[in-house]
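Since every read-out is calculated from the coordinates, none of them should be taken as a lab result. Model, not experiment: these values are computed from the prediction. For neighbour counting, all protein chains shown are included, and Cβ atoms are generated from backbone atoms with ideal geometry for every residue, glycine included.
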């Protein structure tokens, strides 16, 4: 059981750094969206994001992972402090934590408590290993149900010009213009401009990460998705992971950075992945 949990936790973490190719073309270009200009619709999107006024988010989570039909389900906690950390804790056995991942603006820490080992890696090293240009603020936006532009911490009213918008039925797709090698796409739902899907990709490649949002419920001043599903496409074996959230709060009374025990062994990320994939 523990081996499966460790393997699940590491694979899900790595899936966040795999990028996708977006090939779907929308059939119709619209000059207006529900009677709004593109800039006005963009303001609706920004309003959704700026209304999320909390600086911290804590939620209980059920994490389900499906790799080629092999399913695993574990419980844990998700904690986020804006601009500081994304923390995922896996605690399936009577609330006893067996693994933890912390994502910071400067890198990632993964702790395997059962094996008494840890990985500490910078985003520069991750980019070399995965050939993906994801950073902390991109991942934060994915977890917080926000549209983003690579390399920007926050979006402004002027940023609508960076997107090409097209409407089909009750959905509006936004594709980031003028990207170098990468493709970024977002699917919103009218008239509320809620973000329902994000994808990040490398142009010309078949591998893909699609991040979908569902089960929106009131949280603070805006609806927030209580269900998120990650789909890794193009791999030899299909992989999916989902987060079911509950008991959401703005509690910020927790440590931002975990201190690793001197008794833990630091290992290379590549070596840890190889070991877990063999199990």
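Miscellaneous remarks
- Look at 37, 246 and count the other Cβ atoms within 10 Å of each Cβ; fewest to most, that gives 246, 37.
- Here the calculated FRET efficiency for residue 39 and residue 236, from their Cβ-Cβ distance with R0 = 45 Å, stands at 0.55, rounded to the nearest 0.05.
- For segment 95-204, the average shadow cast by the Cα convex hull is 9.6 nm², which is a quarter of the hull's surface.
- Sorted by Cβ density within 10 Å, fewest first, the residues 43, 55: 55, 43
- With neighbours defined as other Cβ atoms within 10 Å of a residue's Cβ, the residues 184, 104 order from fewest to most as 104, 184.
- Summarised in one figure, the compactness ratio Rg/Rh of segment 2-274, Cα atoms and Kirkwood Rh, is 0.96.
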